[in-house]
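The values are calculated or read from the model by the stated rules, or taken from the named source; none is laboratory data. Being a predicted model, the structure only gives us computed values, none of them experimental. When we count neighbours, we look across all protein chains shown, and the Cβ atoms used for this are built from the backbone with ideal geometry, even at glycine. The protein model used for the area step is the full one, side chains on, heavy atoms only, and it has no ligands, DNA or RNA in it. Shrake-Rupley method; radii C 1.70, N 1.55, O 1.52, S 1.80 Å.
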Amino acid sequence: MTILKNAIVLKALLPDVALLRQQLEAAENGEIAETEFRRDAFVEAAAGELVAEFPSGIALCLRCQEKIIPSGAIQAAVAKRATEIEEERGEPLTPEEHDALYADVAVEVCKKAFVKTRYVQAFYHIESEFLFVNATSPGDVKRLMNTLVKLAGKVQTVTIHISAVKNGVTTRLEQLISSNGNTDEEVLPFGRLATDDMARLRRKLAPNEPVEVVTYKGTWLADNDELLNQLRDGFEVEEIGLTFPPAAMSFRLTHQFRFKGIDFAPLELEDYDGDDGAHDWRMNAMREVEGMVGVVQELCELMDYEQPVLEAIADDEAEQEPES
């Protein structure tokens, strides 16, 4: 089973593994309190470790907990209580009294609310300095990095983003379809990557016009003349299915340079026959993270993206959140 199913990619400089482990172990990681609306804390990532190591990197896991309170529930409860008090004493509440009532009611509602818990995993490849956050929402990335910064004191990050306009996916897909059947020269618009059977296109002709969306699925993209005509008619690739044979993996790449639906082919028993859970996890984590490193480096090279060079920063220059 694939561990890293989605990914938003950052370039990051994390603290030394031993120091990071010490910082996370010293932090409070208990469950959300009765009167708390939200709490984020790092918990065991794998094998009972807060900082779980695999041969080429480390993994972290952030537990995100928040109370589920229907919109307007607190305001409705405050209005009802305020009305009761005002009717009983025959005069309206002062602004200070209303604020105090609101605080009391919010605590009462919070105590009775259900708790929603979810986990955000992150995998860091030490040599390449790529941090893969297993998420589809930038909000999850921000929560993870904000919590990490609070504990580690300094973390320098830059979100990896490759424009889909200049020398991007749309242009390369058009080149791929146009060159179909060309035997005079080897044309590889996607390098070591290959397209599969999925593509979603979008086009907006004018500011006040609705967005047009066309989805292709279950059809070979490389020789799809209809798709080629759509691209020539102003449609751009919003999402495309790709494979990376060197790592036996497939995924969907969005125009925001986010990875979805990552899937790795099962390992053959003769190649890998582990029966230890922790060892199995380490080997799979290494395989998947190194596969993603290969994909990102291939895309960066194809699209002439110069990766940022990060340098260690002083404590007073610490980044508080990822730069985009």
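Brief remarks follow.
- Hey, Leu227 under 30 Å from Leu4 (Cβ atoms) and among the hydrophobic types (A, V, I, L, M, F, W, C) or not: yes
- For the stretch 176-192, a residue qualifies if it is modelled with pLDDT of 85 or more, within 15 Å of Trp220 (Cα to Cα) and open to solvent by 60 Å² or more (accessible area, probe 1.4 Å), and exactly one does: Ser178.
- Unique match (being surrounded by fewer than 18 Cβ atoms within 10 Å (Cβ to Cβ) and of a type in the set (A, V, I, L, M)) among Ile126, Ile162: Ile126
For (1) over 22 Å from the mean Cα position of the chain (by Cα); (2) at pLDDT 90 or above; (3) among the charged types (D, E, K, R), each residue gets a yes or a no:
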site	(1), (2), (3)
Val213	yes, yes, no
Ala222	yes, no, no
Leu231	yes, yes, no
Glu239	no, yes, yes
Ala248	no, yes, no
Asp273	yes, no, yes
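- Residues in the stretch 286-324 that are modelled with pLDDT under 80, open to solvent by 50 Å² or more (accessible area, probe 1.4 Å) and under 21 Å from the mean Cα position of the chain (by Cα): Gln307, Gln320, Glu321, Glu323, Ser324.
- Only one entry of Glu66, Glu31 meets the criterion of being farther than 14 Å from Gln121 by Cβ, assigned to a strand (DSSP E or B) and touching a residue at least 12 places away in the same chain (Cβ under 8 Å), and that entry is Glu66.
- The set of residues in the stretch 1-16 being open to solvent by less than 30 Å² (accessible area, probe 1.4 Å) and not in a loop (DSSP other than H, G, I, E, B) consists of Ala7, Ile8, Val9, Leu10, Lys11, Ala12.
- Selection of first residues in the stretch 98-119 that are of a type in the set (S, T, N, Q) and of second residues that are surrounded by 13 or more Cβ atoms within 10 Å (Cβ to Cβ), restricted to Cβ pairs under 6 Å at least 6 apart or on distinct chains, gives the following pairs, ordered by first then second residue: Thr117/Gln65.
- Within the stretch 24-43, not a single residue is surrounded by fewer than 17 Cβ atoms within 10 Å (Cβ to Cβ) and closer than 17 Å to Arg282 by Cα.
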